[in-house]
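Novice: Take a look at this one; I'll ask things after.
Since every read-out is calculated from the coordinates, none of them should be taken as a lab result. In this text the structure is predicted, and so the values were computed from the model without any measurement. Positions of Cβ are generated from backbone atoms using ideal geometry, with glycine treated the same way; all protein chains shown enter the neighbour counts.
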């Protein structure tokens, strides 16, 4: 068996590439969904945008069901306690069903006022609500899928989640144009057809994850102690996620104050940044899985070696991406727009975008390491501090002093630098590396053990 700290690049990629497939599948399907609905006209497309934004915000805040479950499951897997590792998935699935049901009920009650608040237009709000009332039935299914991804990553199986997610999305992709446009003799449901297709596909994926749990042969009853521990971990991850949302929503709001060209340029570079973070996040997932297993096996030294090894690979990969985007500076922006003013704004943000990539390689890898160690409370505090003292002040100063995109992307750069300092300092202390499958309580009090 390969020593923990000497895990091969092939092994890391074997975990990271399927994880990247799962991360990328949903955004790619959403682009297809937009293309199908877009042929109905501007109003249905606007309704989909508002409804989709509401549902996406809900699922984004609840990703602890995947990341938190991976951290806990990986420890048991590393300790050779298979039933306990899979059992984390059982308890996370119970949480998913309960929380998803609450989201469904509350969402139905608030769909109309929230859509009106976001859209500011009765017609757009009406279209959004018609989509959202159906799509909300997928909320418990989405969360079950997150829980399934979590425990399977924990036991170092990233292939089955990819198959399950792709199976559901493939069915949605087949049904979407049929139901939206009434093809092959199906009723023409228009915008509502998109929501129905989504829910059907989500039901398929969720069913596959549940069947995998049943076939694993572990007890399926709910355990209050495990669920409580998962929710405490989830509390920290939700707070961290809210910090990200506050930063990027503020950045978008401030960019909009500088005119259409500025907000358009910001959006183009931000979408490219999201692509970069998606690829780096797949390596972070591999780090999370492997580090959690190492600590579960009480191999602190191996976990530490692995942390720096994966970080080095992540930095090299991020640097290669930076070189690619640097060389493509004169070509890539033109693929998104030909507007001279927008291109000028993109050029302002481009240098920051390229410069922070290698730093992000460090941040994402060590984020994954600390998540794998269950050190969510420290990550929560570090992210909130970086946002409050780095990103947000510079964003609002940009508005006050007219710094434009240069100020906004300086804020993002400082945010990345602060987070990098925080995670490097934490890993150097060694306090994150708490060994043993049952020693996970430090994740909830931030002490590091």
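Novice: Compute the separation of the alpha-carbon centres of region 361-394 and region 291-343 and state it in Å as a whole number.
Specialist: Centre-to-centre distance over Cα atoms comes out at 16 Å.
Novice: Now for a separate question. Consider the candidate values (1) 1.01; (2) 0.99; (3) 0.97; state which one is Rg/Rh (Cα atoms, Kirkwood Rh) computed from the structure displayed.
Specialist: The calculated read-out lines up with (3).
Novice: Mean-square fluctuation check for the chain, GNM, Cα pairs under 10 Å: which of 101, 277, 429 is largest?
Specialist: 429
Novice: Applying 1/(1 + (r/R0)^6) with R0 = 30 Å to the Cβ-Cβ distance of residue 323 and residue 11, what FRET efficiency is obtained, to the nearest 0.05?
Specialist: The value I calculate is 0.70.
Novice: Of 344, 387, 293, which has the largest mean-square fluctuation in a 10 Å C-alpha GNM of the chain?
Specialist: 344
Novice: Relative contact order for the chain using alpha-carbon pairs under 8 Å, separation at least 6, rounded to a whole percent?
Specialist: That works out to 21 percent.
Novice: Something else: May I ask you to derive the relative contact order of region 4-222, considering only C-alpha pairs under 8 Å and at least 6 residues apart, and to give it as an integer percent? List each step's numbers first, then the result.
Specialist: Details: 316 pairs, mean separation 61.1, N = 219.
Normalised by residue count, the contact order of region 4-222 is 28 percent.
Novice: From the square roots a ≥ b ≥ c of the eigenvalues of the alpha-carbon gyration tensor of region 95-227, which class results: rounded (a/c under 1.5), prolate (a/b over b/c), or oblate?
Specialist: oblate
Novice: A follow-up question, please. What does the helix-only formula give at 222 nm for the chain: each DSSP H stretch with n ≥ 4 adding -39500 (n - 2.57), the total divided by the residues, and the result rounded to the nearest 500 deg cm²/dmol?
Specialist: Counting only the DSSP helices, I get -28000 deg cm²/dmol.
Novice: Turning to a different aspect of this structure: Is the shape of region 181-302 best called rounded, prolate or oblate, per the rule: a/c under 1.5 gives rounded, else a/b larger than b/c gives prolate, else oblate, with a ≥ b ≥ c the square roots of the Cα gyration tensor eigenvalues?
Specialist: Oblate shape, in that a/c is at least 1.5 and b/c is the bigger or equal ratio.
Novice: Given contacts defined as C-alpha pairs under 8 Å and at least six residues apart, what's the relative contact order of region 170-286, whole-number percent?
Specialist: Relative CO of region 170-286 lands at 12 percent.
Novice: Springs between alpha-carbon atoms under 10 Å, Gaussian network over the chain: tell me which of 33, 367, 339 tops the mean-square fluctuations.
Specialist: Taking springs between Cα atoms under 10 Å, the residue moving most is 339.
Novice: Please work out the Cα center distance from region 57-76 to region 268-283, rounded to the nearest Å.
Specialist: Value for the Cα centre distance between the two parts: 20 Å.
Novice: Which shape class applies to region 4-222: rounded if a/c is under 1.5, otherwise prolate when a/b exceeds b/c and oblate if not, where a ≥ b ≥ c are the square roots of the Cα gyration tensor eigenvalues?
Specialist: Taking the square roots of the gyration eigenvalues as a ≥ b ≥ c, region 4-222 is prolate.
Novice: Label residue 347 and residue 271 with points 7 Å out from Cα along Cα→Cβ: what is the distance between them in nm?
Specialist: Going by the 7 Å Cα→Cβ label model, 2.1 nm.
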